[in-house]
Amino acid sequence: DAGGYTVESSFRFRVELDDVPLDADLRAALTPSAREVFDSFSPTGKVTVRGRARRNQGVDALERLTLDIQLHGASLRYKGFPYELRNIEGEIIVDDANLEVKRIFATDGPTTVEVHGKIASITRDADVDLTIDAKRLPLDGRLKAAIGDDARKVWDLFSPSGEVDVRWQLRKEAGKEIVHSSRTVICAPGKVTE
C-alpha cells in the first residue's frame, strides 16, 4: 500500500524473507537506525524475517521498520556484553531502535546459553534489561572479558577454573553504565585458588 510516488508519500509494506544471510548486502538494505542495531550485534549466519515497513505522509516523515527475526544457527556478539553466542536458534523483534529478545538459545559444545530481555533506544544511550541463563559455562578468558571490572577483580583474587551454571543479568539505564549481577552460581568440577 503506497500513497503516491513523491518524496512525501506514505507507504506500508509487508516484508517476508526466508534464509537470509546476515551479511553486508542485508546491512546495506536496512534503514540507518536498523544498521546501527545490526552493528551492535555483529551477526553472522542466516535468518527468516517477517515484518512491516511503513511511513506516514509528509516530507519530514520517518520510515519505521518492525521485524520479527527467527535465527537459525546464527552467531551474535552484543557490544555491551562481549561474549559471542554461537549456534543460535530463537526469535528477536526489532522495532526501529528497540529490540526485544523473545528467547534465543545458543550452544557451544557442552555449554548452553538462553537469553531474553529488551534493549530500548539501542542507537542512542540504550536502556538494557537482559537475562542470560548459562549451563556448563567455562571459567575462561572469554568469560572474564565479558564481566564487569569489579567482578574481574574478584576473579583475579581466586583464579577460578572449571564450569559454572549461572543466571547473569545486565541492566543499564540511559546515562549510566551497564550493571552486571549474578543471582545464582553453581560451580561444576574445577578449582578456585588464592
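Quick notes on this one:
- All positions within region 137-160 that are open to solvent by 40 Å² or more (accessible area, probe 1.4 Å) and assigned to a loop (DSSP other than H, G, I, E, B): 140, 159
- Residues that are open to solvent by 80 Å² or more (accessible area, probe 1.4 Å) and not in a helix (DSSP H, G or I), drawn from region 17-40: 18, 19
- For region 46-62, the count of residues that are closer than 28 Å to residue 151 by Cβ, outside any loop (DSSP other than H, G, I, E, B) and aliphatic (A, V, I, L, M) is zero.
- Tally, over region 86-100, of residues that are out of contact with any Asp or Glu (no Cβ under 8 Å at 6 or more places or on another chain) and closer than 14 Å to residue 130 by Cα: 3
- Exclusive hit being open to solvent by less than 40 Å² (accessible area, probe 1.4 Å) and within 17 Å of the chain's Cα centre (by Cα), set 45, 58: 45
- Qualifying residue in region 46-54 (condition: in contact with a Gly (Cβ under 6 Å, 6 or more places away or on another chain) and modelled with pLDDT of 80 or more): no
- Tallying residues that are hydrophobic (A, V, I, L, M, F, W, C) and closer than 20 Å to residue 88 by Cβ within region 119-169 yields 12.
- Out of 97, 74, sole residue that is at pLDDT below 90, open to solvent by less than 20 Å² (accessible area, probe 1.4 Å) and closer than 30 Å to residue 54 by Cα: 97
- Subset of region 172-188 (residues that are open to solvent by less than 90 Å² (accessible area, probe 1.4 Å) and either at pLDDT 85 or above or under 17 Å from the mean Cα position of the chain (by Cα) (or both)): 172, 178, 179, 180
The values are calculated or read from the model by the stated rules, or taken from the named source; none is laboratory data. Worth saying up front: this structure is predicted, and the values here are computed from it rather than measured. Using ideal geometry, Cβ is built from the backbone for each residue, glycine included, and neighbour counts are taken over all protein chains shown. The protein model used for the area step is the full one, side chains on, heavy atoms only, and it has no ligands, DNA or RNA in it. Shrake-Rupley method; radii C 1.70, N 1.55, O 1.52, S 1.80 Å.
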